[in-house]
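Just below is one structure, and these are the notes that go with it.
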Amino acid sequence: MKHLYFLSIALFSLNATAQLKDCATCATQVIKEQQISKLSIDELRFLTNDLYARKGYKFKDYEISNYFNEKPWYKPVSDNSKVKLNAVEEQNVKLFQEHTAILKADREKLLEALRSLKAETLKGNSPIPKGSSNEYFSKTIAKIDIDDIHWIKNQGYYSVEVDNFKGSNKYYISIDGSEVEIGWFEDGHSKKVQDDDKIKGVYDTEVFEVMESVTYWRFKWKNQKLVFIESGVAG
């Protein structure tokens, strides 16, 4: 009996923290903040679209329209002005919008912290401790365009590759929730030389030592501050 009691408590906890997957119940059930607490901006946008789709809203965006057109329950109206939300739906949309605004504000603060990190590093004020490959950090972050980071759910990524015929170097930033990694991947192979016979005649790849390694610096976004955690070299 004791085991069944603890099992029921565990199952209740899992159900209590389950995140909302769609808006099938958004017309009749007031959504609680705990049900969307772990969702991303993209997922909250989907929920809002899903709620409106169930009211027959006709989307102009092709991908969104095409997605809902495949749902058997989707019946788009001819005039979106006919779409009216009830009080419960309005409350749910407001919750989605408020939580989205909080996430967008936090993301912008993270990006601003990254811009500041780059600017200070290029001024010679790198926060990377000595002995943590700090001599390569300024070279790496200089190549990263903070404003060109692409996001999918809670993950952001940007990379750029530089090929000097002797080898290629990829500089990247990877964001996963509150985890941030900035890195430099060194590849001893030059794709330009490998793919172009004319260049091969000029650059003798046999004289170049083939090296592959990645140098990385990891940070934690904590309490709206970017905190350096560790650095490392692999390969």
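Quick notes on this structure:
- Qualifying residue in the range 216-225 (condition: under 30 Å from ASP42 (Cβ atoms), in a loop (DSSP other than H, G, I, E, B), at pLDDT 90 or above and open to solvent by 60 Å² or more (accessible area, probe 1.4 Å)): yes
- Among residues of the range 51-64, those that are open to solvent by less than 100 Å² (accessible area, probe 1.4 Å) and assigned to a helix (DSSP H, G or I), counted: 4
Yes/no per residue for (1) of a type in the set (A, V, I, L, M, F, W, C); (2) open to solvent by less than 50 Å² (accessible area, probe 1.4 Å); (3) assigned to a helix (DSSP H, G or I):
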position: ASN49; (1), (2), (3): no, yes, yes
position: ASN66; (1), (2), (3): no, no, yes
position: TRP73; (1), (2), (3): yes, no, no
position: VAL77; (1), (2), (3): yes, yes, no
position: LEU85; (1), (2), (3): yes, yes, no
position: LEU95; (1), (2), (3): yes, yes, yes
position: LEU111; (1), (2), (3): yes, yes, yes
position: LEU114; (1), (2), (3): yes, yes, yes
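- Close contacts from the range 135-151, counting a first residue that is within 16 Å of SER116 (Cα to Cα) and a second that is charged (D, E, K, R), with Cβ to Cβ under 6 Å and a gap of 6+ residues or different chains, come to ILE141/LYS118; ILE146/ARG115.
- The set of residues in the range 134-168 that are assigned to a helix (DSSP H, G or I), at pLDDT below 90 and loosely packed, with under 12 Cβ neighbours inside 10 Å contains only GLU135.
- Annotation note: Cβ proximity below 9 Å between a residue of the range 77-89 that is in contact (Cβ under 8 Å) with a residue 24 or more places away in the chain and a residue that is of a type in the set (A, V, I, L, M) and open to solvent by 60 Å² or more (accessible area, probe 1.4 Å) (sequence gap 6+ or interchain) occurs for VAL88/VAL30.
- Enumeration of residues in the range 117-133 that are surrounded by 13 or more Cβ atoms within 10 Å (Cβ to Cβ), farther than 30 Å from ASP42 by Cα and touching a residue at least 40 places away in the same chain (Cβ under 8 Å): PRO127, ILE128, SER132, SER133
The values are calculated or read from the model by the stated rules, or taken from the named source; none is laboratory data. Worth saying up front: this structure is predicted, and the values here are computed from it rather than measured. Counting neighbours? That spans all protein chains shown, and the Cβs are built from the backbone with ideal geometry, glycine included. Ligands, DNA and RNA are excluded from the accessible area calculation, which covers all protein heavy atoms including side chains. Shrake-Rupley method; radii C 1.70, N 1.55, O 1.52, S 1.80 Å.
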